[in-house]
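Asker: Quick one: the structure is below, and I'll ask about it shortly.
The values are calculated or read from the model by the stated rules, or taken from the named source; none is laboratory data. The shown structure was predicted, so the numbers you read here are calculated from the model rather than taken from an experiment. Please note: Cβ atoms are built from the backbone with ideal geometry, for glycine as well, and neighbour counts cover all protein chains shown.
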Amino acid sequence: MMKILVCIKQVLDSDRPVRIHSSGKWIETDPHGLYRMNRFDEFALEEALRIREAFPGTWVDALSVGPERAAQTVRRALELGADEGIHILLDDERYRMPWETASRIAAYAGNKGYDLILAGVMAEDDMQGQVGPMVAEIMGYSSATAVMSEKLIPDDNRIYVERELEGGHREAFALTLPALLSVQSGINRPRYPALSHVLRARSQKLITIAAKTWNPPAPRDHVVCLVEPAPVKSSVFLSGSPLEKAEKLVKILRENAWL
Amino acid sequence: MAMMRCRDNEIMVVAELLEGRILPVTHEVIAFALALRGGDSQFIRMIVPGRDIQEMANELADAIGIDVIALEGDHLDPYNAEAWKMALSALLAEWNPRYVCIPHTSLGCDFAPGLAAGIEASCITAIEGVCNREGLITFTRSIFNGKVMMQVASDADMTVLTVLPGVFKAEEKFPTFPDHKKGRVEVVRVPEVLQKTRVLGMIRAEERDLDLSIADVIVSAGRGIGHEENLALIRQLAGLFSKSAVGCSRTVCDLGWLGYKHQIGLTGKTVSPKLYIACGISGAIQHVAGMSGSKYVVAVNKDPGAAIFQMADVGIVEDLTIFIPLVIDLSQTDPHSPA
Ligand SMILES: Cc1cc2nc3c(=O)[nH]c(=O)nc-3n(C[C@H](O)[C@H](O)[C@H](O)COP(=O)(O)OP(=O)(O)OC[C@H]3O[C@@H](n4cnc5c(N)ncnc54)[C@H](O)[C@@H]3O)c2cc1C
């Protein structure tokens, strides 16, 4: 039967303020712990669950490489319906480059015989879009990014995919399995957790593996520092109470004859 | 043809073609490579992958004045990630350039990370800037939808870079060799090998609504509208203007609040209205790619750090559910009537 691995990342909720860490190399850990699953990965997980529905007997693993708090996101994947949750545990909150993360995923997945690996098209935090295609390369899987549709046909060892291009055009490919797809948002509408899964997830143990089980991959690049973007000219911002700002805006719109 | 093999500091630019024509984004990447090389074109070489491209490679070398490698293979056109990665990695192993520059397009994003992974190169994506920090070359890219910038440096001998479109200004003509007027062309033929990836063809996007392209004013909704019901506010606001239309971020489409024909951005529609009002949109590069040509931008966002303010002419830091009703109210009152 089909075995699927979904790569999920825990990210800071996008409504939280982003503060640069004193090391300058990544951001401060959120004091309120407001982290969640990367939205692009939610689409990847949903797609895996839909494949399982279409092909009963399919097995869906969800895996995250991250510090201790990432366990919560792996558990979320179980609540949504993944069969097993795997946490590659990092010792600290340091940022890892895509190559390091991809190496660790491949080290775990290498001998597990996954037919299909799904990932989000990118992470909302570091916006690299590299881990998926790198895992594919290390494992020798065929791959496609920005996938907006996939189709499996029984007894065919290929997966038919459409990837999205600029302007919403698409190109179609047939990939021989095993394959890795990085999934674009909008491919489906992610579900809410079902109560039965939530209850099961509560008692189910995660498979936790210390990242140091494997030799650390030699980094190929590193973050020098994070910087704030150039400040916005203060003249851009309207000042005053909400009503005063609205009055100023309406005045501008009228002066330009838009209103 | 006898040609000098690559020197240590060489930069290779992978060209992107569409229907046999080089895309403007390739010129931007050359401009980037020049910036990286301190304006010296001698060490820049272009790779043009495709089928029957020798003639075009000649034209390019003449026109731009840099050396071109025509990477010839029947299976390289149309684009096939597997075939491209295989052909390019063999070429790069032989030439061993310091940098490989690729447009950060849907195509570039598809093969660059895998290419780098396979040849032990560093990979740095969506580059918006390059600087030399006391001899250390660092590349700048946006993270957190533009709220913070990240500077990355390579530790590898070879580095694959994807360059964000629209940042580096393309030039028509580049400085040429001192003793040659034209670039030279080398043809490298790639043998066809059995592929695990089969190309099935292009599917064109549905014709999108013309409303957005002809509108003078676009009022655009982002996730920050919070609920589908708040689209009523966006529609009402748009209704105040003549020749207006409602646009949105991709997220709003993904949530099912508006159809994809309203989506503005990289994978949606590109617009350039006289006035663009962004409501609850963070200003991710993929969104900005579709609206940066707007003549005047008003942004309403409750987060003063939102990247959309970087390109706004007027910014309002407010909760839009409070602010927009005020604007609607005020603009419906006659400005000349005594309050
Ligand atoms: C390959 C690729 C292609 C893409 N193509 C596109 C594209 O074509 N178009 C596109 O738009 N995106 C595209 N994206 C997605 C893009 O990266 C962003 O995820 C998306 O644009 C974010 O949408 P948003 O600004 O609506 O949501 P968010 O980033 O979540 O921003 C919401 C904003 O609303 C603000 N806000 C929240 N509540 C309020 C309130 N009450 N009042 C005022 N402000 C509030 C928040 O401060 C925040 O800034 C693409 C991504 C990828 C990987």
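Asker: Looking only at segment B:114-141, filter to residues that are in contact (Cβ under 8 Å) with a residue 24 or more places away in the chain and surrounded by fewer than 22 Cβ atoms within 10 Å (Cβ to Cβ); which one of those is nearest to the other protein chains (Cβ to nearest Cβ)?
Answerer: The selected residue is B:Gly118.
Asker: Turning to a different aspect of this structure: Name every residue in segment B:254-271 that is near the ligand (Cβ under 10 Å from one of its atoms) and among the small types (Gly, Ala, Ser), in order of residue number.
Answerer: Within segment B:254-271, B:Gly265, B:Gly268 meet the criteria.
Asker: Follow-up question, since we're still on this one. Checking the condition away from chain A (no Cβ under 12 Å) and in contact (Cβ under 8 Å) with a residue 40 or more places away in the chain, which residue from B:Val246, B:Val193, B:Val199 passes?
Answerer: Only one candidate qualifies: B:Val193.
Asker: Can you tell me which of B:Ile308, B:Ile322, B:Ile328 is surrounded by fewer than 22 Cβ atoms within 10 Å (Cβ to Cβ), hydrophobic (A, V, I, L, M, F, W, C), within 12 Å of the ligand (Cβ to nearest atom) and not assigned by TED's automatic domain parsing to the domain that holds B:Glu128?
Answerer: Going through B:Ile308, B:Ile322, B:Ile328 in turn, the sole match is B:Ile322.
Asker: Kindly evaluate B:Arg37 against the criterion of being of a type in the set (Lys, Arg), modelled with pLDDT under 90 and under 22 Å from B:Pro97 (Cα atoms).
Answerer: Yes.
Asker: Cβ-Cβ under 9 Å, sequence separation 6+ or interchain: first residue in segment A:178-194 and within 16 Å of B:Thr267 (Cα to Cα), partner away from the ligand (no atom under 16 Å from the Cβ) and part of a strand (DSSP E or B). Which pairs?
Answerer: Partner pairs satisfying both residue conditions: A:Val183/A:Glu150; A:Ile187/A:Glu150.
Asker: Test each condition in (1) within 11 Å of chain A (Cβ to nearest Cβ); (2) more than 9 Å from the ligand (Cβ to nearest atom); (3) touching a residue at least 60 places away in the same chain (Cβ under 8 Å) for B:Ser282 and report the one that comes out false.
Answerer: Evaluating B:Ser282 over (1) within 11 Å of chain A (Cβ to nearest Cβ); (2) more than 9 Å from the ligand (Cβ to nearest atom); (3) touching a residue at least 60 places away in the same chain (Cβ under 8 Å) leaves (2) as the failure.
Asker: Could you figure out which of (1) touching a Pro at 6+ places or on another chain (Cβ under 6 Å); (2) more than 10 Å from the ligand (Cβ to nearest atom) isn't true of B:Lys274?
Answerer: Against the list (1) touching a Pro at 6+ places or on another chain (Cβ under 6 Å); (2) more than 10 Å from the ligand (Cβ to nearest atom), B:Lys274 comes up short only on (1).
Asker: Against the definition (in the same structural domain as B:Glu19 (by TED's automatic domain parsing) and without any contact (Cβ under 8 Å) to a residue 60 or more places away in the chain), how does B:Ala70 come out, yes or no?
Answerer: no
Asker: Failed condition for A:Asn256, given (1) over 30 Å from A:Glu100 (Cα atoms); (2) surrounded by 13 or more Cβ atoms within 10 Å (Cβ to Cβ); (3) facing chain B (nearest Cβ under 9 Å), with all others met?
Answerer: The one condition A:Asn256 does not meet is (2).
Asker: Could I ask something else about it? Give the residues of segment A:202-241 that are part of a helix (DSSP H, G or I) and touching a strand residue (DSSP E or B) at 6+ places or on another chain (Cβ under 8 Å), sorted by residue number.
Answerer: Once the filter is applied, which keeps residues that are part of a helix (DSSP H, G or I) and touching a strand residue (DSSP E or B) at 6+ places or on another chain (Cβ under 8 Å), segment A:202-241 yields A:Ala211, A:Val236.
Asker: Another question, then. Which of (1) more than 10 Å from chain A (Cβ to nearest Cβ); (2) modelled with pLDDT of 95 or more does B:Asp211 not meet, given it meets every other one?
Answerer: Of everything listed in (1) more than 10 Å from chain A (Cβ to nearest Cβ); (2) modelled with pLDDT of 95 or more, B:Asp211 misses just condition (2).
Asker: Can you tell me which residues in segment B:287-298 are more than 9 Å from the ligand (Cβ to nearest atom) and within 9 Å of another protein chain (Cβ to nearest Cβ)?
Answerer: If the condition is that a residue be more than 9 Å from the ligand (Cβ to nearest atom) and within 9 Å of another protein chain (Cβ to nearest Cβ), then B:Tyr296, B:Val298 are the ones that fit.
Asker: Being surrounded by 14 or more Cβ atoms within 10 Å (Cβ to Cβ) and in a loop (DSSP other than H, G, I, E, B) is the filter here; which residues of segment B:187-207 pass it?
Answerer: Matches in segment B:187-207: B:Val190, B:Gln195, B:Lys196, B:Ala205.
Asker: Identify all residues within segment A:123-151 that are within 16 Å of the ligand (Cβ to nearest atom) and among the acidic types (Asp, Glu); write none if there are none.
Answerer: Within segment A:123-151, A:Glu124, A:Asp125, A:Asp126 qualify.
Asker: What are the residues in segment A:175-216 that are surrounded by fewer than 18 Cβ atoms within 10 Å (Cβ to Cβ) and either within 7 Å of chain B (Cβ to nearest Cβ) or over 24 Å from A:Glu53 (Cβ atoms) (or both), if any?
Answerer: Passing the criteria: A:Thr176, A:Arg189, A:Lys205, A:Thr208, A:Ile209, A:Ala210, A:Lys212, A:Thr213, A:Trp214, A:Asn215, A:Pro216.
Asker: Looking only at helices (runs of 4 or more DSSP H) that fall completely inside segment B:1-100, which ones have 2 or more residues that are more than 22 Å from the chain's Cα centre (by Cα)?
Answerer: Filter on segment B:1-100 gives B:54-64, B:81-95.
Asker: On to the next question. Can you tell me which condition B:Val314 does not meet? The list is (1) farther than 13 Å from A:Leu249 by Cα; (2) more than 11 Å from the ligand (Cβ to nearest atom); (3) of a type in the set (Val, Ile, Thr), and all the others hold.
Answerer: (1)
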